[in-house]
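Asker: Mind looking over this structure? Questions follow.
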Amino acid sequence: KAGVTQTPRYLIKTRGQQVTLSCSPISGHRSVSWYQQTPGQGLQFLFEYFSETQRNKGNFPGRFSGRQFSNSRSEMNVSTLELGDSALYLCASSLGGAGASNQPQHFGDGTRLSIL
Amino acid sequence: AQKITQTQPGMFVQEKEAVTLDCTYDTSDPSYGLFWYKQPSSGEMIFLIYQGSYDQQNATEGRYSLNFQKARKSANLVISASQLGDSAMYFCAMREGGKLIFGQGTELSVKP
């Protein structure tokens, strides 16, 4: 069974640009969550999508947005990039639905975004 | 609000010995789940073990086991027979709806 796939693995952008990251969940998983990991702030939750609807949102500015498609694949977009957006962005999938609190989230390898 | 605390920024263990990584949590929910993840230097987060608040027994998965003490609100990870490949960051986490709340992590180094 294929795991969570994130593309690209590495990305270099400059301030002011925008970027789109992609995440393909494990087959059958309908919930996709995104996290930002930095040395200073640790792992912070960005948002969660379930059945194409944003179900939860973390405390990030509106420059961070996402969406989920009917096949459960998800994309995350960051506009007007800032130096502080440099981070490892992790996507995680789980079955979702009833009993979700007992389900582990399975993570992809992440996308390392560097802003110059 | 839920909170996870890992008080050991770094730990060293000799190869083949056991090591305990500490995790305490705070929640007012009677039903909750606790998770441990391993993150090697390459970056991927690997799910290790899960403990539910109503589970009667401590969770075990191969060389990983959880020392779950509900009254003390602690869920310590025990790694037996440490291997060099166990060197990594270890995160304790709690599920809150669709998101995981993570602790600060513990960096484990296994010495040959």
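Asker: Looking at (1) over 21 Å from A:Ile12 (Cα atoms); (2) of a type outside the set (Val, Ile, Thr); (3) under 11 Å from the mean Cα position of the chain (by Cα), can you tell me which one A:Glu75 breaks?
Answerer: (1)
Asker: Provide a single number: the residues in segment B:85-112 that are of a type outside the set (Ser, Thr, Tyr), under 25 Å from A:Leu90 (Cα atoms) and not in a strand (DSSP E or B).
Answerer: 7
Asker: Still on this model: Quick one: count up the residues across segment A:43-71 that are within 14 Å of chain B (Cβ to nearest Cβ), in a loop (DSSP other than H, G, I, E, B) and polar (S, T, N, Q).
Answerer: 2
Asker: Check A:Gln44 against each of (1) within 20 Å of B:Pro40 (Cα to Cα); (2) buried (at least 21 other Cβ atoms within 10 Å of the Cβ) and name the one condition it does not meet.
Answerer: Single failed check for A:Gln44: (2).
Asker: When both residues are 6+ apart or on different chains and their Cβ atoms are under 8 Å apart, which pairs have a first residue that lies in segment B:39-59 and is more than 10 Å from chain A (Cβ to nearest Cβ), and a second that is among the β-branched types (Val, Ile, Thr) and surrounded by fewer than 15 Cβ atoms within 10 Å (Cβ to Cβ)?
Answerer: Going by the 8 Å Cβ cut-off, the qualifying pairs are B:Pro40/B:Ile46.
Asker: Let me ask another. Considering only residues that are in contact with a strand residue (DSSP E or B) (Cβ under 8 Å, 6 or more places away or on another chain) and more than 24 Å from B:Gly97 (Cα to Cα), look in segment B:20-59 and name the one that is surrounded by the fewest Cβ atoms within 10 Å (Cβ to Cβ).
Answerer: B:Ser41
Asker: Moving on. Of the conditions (1) at pLDDT 95 or above; (2) more than 24 Å from A:Asn102 (Cα to Cα); (3) surrounded by fewer than 17 Cβ atoms within 10 Å (Cβ to Cβ), A:Thr5 fails just one. Which one is it?
Answerer: If we test A:Thr5 against (1) at pLDDT 95 or above; (2) more than 24 Å from A:Asn102 (Cα to Cα); (3) surrounded by fewer than 17 Cβ atoms within 10 Å (Cβ to Cβ), just (2) comes out false.
Asker: Would segment A:100-113 turn up any residue that is modelled with pLDDT of 95 or more and more than 11 Å from every other protein chain (Cβ to nearest Cβ)?
Answerer: Scanning segment A:100-113 turns up at least one residue that is modelled with pLDDT of 95 or more and more than 11 Å from every other protein chain (Cβ to nearest Cβ).
Asker: Within segment A:8-42, can you find the residues that are in a strand (DSSP E or B), among the β-branched types (Val, Ile, Thr) and within 14 Å of another protein chain (Cβ to nearest Cβ)?
Answerer: Taking segment A:8-42 and keeping what is in a strand (DSSP E or B), we get A:10-13, A:19-24, A:31-38, A:42.
So of that shortlist, the ones also among the β-branched types (Val, Ile, Thr) come out as A:12, A:19-20, A:32, A:38.
Passing the criteria: A:Val32, A:Thr38.
Asker: Can you tell me which residues in segment B:3-19 are surrounded by 15 or more Cβ atoms within 10 Å (Cβ to Cβ) and part of a loop (DSSP other than H, G, I, E, B)? Steps first, please.
Answerer: Step one: filter segment B:3-19 for residues surrounded by 15 or more Cβ atoms within 10 Å (Cβ to Cβ), giving B:4, B:6, B:8, B:11, B:13, B:19.
Hits for segment B:3-19 are B:Gln6, B:Gln8.
Asker: Restricted to segment A:72-89, and to residues that are aliphatic (A, V, I, L, M) and crowded, with 16+ Cβ neighbours inside 10 Å, which residue is nearest to the other protein chains (Cβ to nearest Cβ)? Even if it seems obvious, please write down each step before you answer.
Answerer: First, the residues of segment A:72-89 that are aliphatic (A, V, I, L, M): A:76, A:78, A:81, A:83, A:87-88.
Keeping just the survivors that are crowded, with 16+ Cβ neighbours inside 10 Å gives A:76, A:78, A:81, A:87-88.
On the way: A:Met76: 15, A:Val78: 18, A:Leu81: 20, A:Ala87: 11, A:Leu88: 6 Å.
Step by step, filter segment A:72-89, then rank; the result is A:Leu88.
Asker: Out of A:Leu88, A:Leu43, report the one residue that is touching a residue at least 40 places away in the same chain (Cβ under 8 Å), touching a Phe, Trp or Tyr at 6+ places or on another chain (Cβ under 6 Å) and closer than 21 Å to B:Met89 by Cα.
Answerer: A:Leu43
Asker: How many residues does segment B:12-30 contain that are more than 22 Å from A:Gly58 (Cβ to Cβ) and either without any contact (Cβ under 8 Å) to a residue 12 or more places away in the chain or within 13 Å of the chain's Cα centre (by Cα) (or both)?
Answerer: Counting residues in segment B:12-30 that are more than 22 Å from A:Gly58 (Cβ to Cβ) and either without any contact (Cβ under 8 Å) to a residue 12 or more places away in the chain or within 13 Å of the chain's Cα centre (by Cα) (or both) gives 5.
Asker: Filter segment B:26-38 down to the residues that are within 14 Å of chain A (Cβ to nearest Cβ) and touching a Ser or Thr at 6+ places or on another chain (Cβ under 9 Å) and list them by number.
Answerer: Of the residues in segment B:26-38, the ones within 14 Å of chain A (Cβ to nearest Cβ) are B:27, B:29-38.
Matches in segment B:26-38: B:Thr27, B:Asp29, B:Pro30, B:Ser31, B:Tyr32, B:Gly33, B:Leu34.
The values are calculated or read from the model by the stated rules, or taken from the named source; none is laboratory data. The shown structure was predicted, so the numbers you read here are calculated from the model rather than taken from an experiment. All Cβ positions, even for glycine, are placed from backbone atoms using ideal geometry, and neighbour counts span all protein chains on display.
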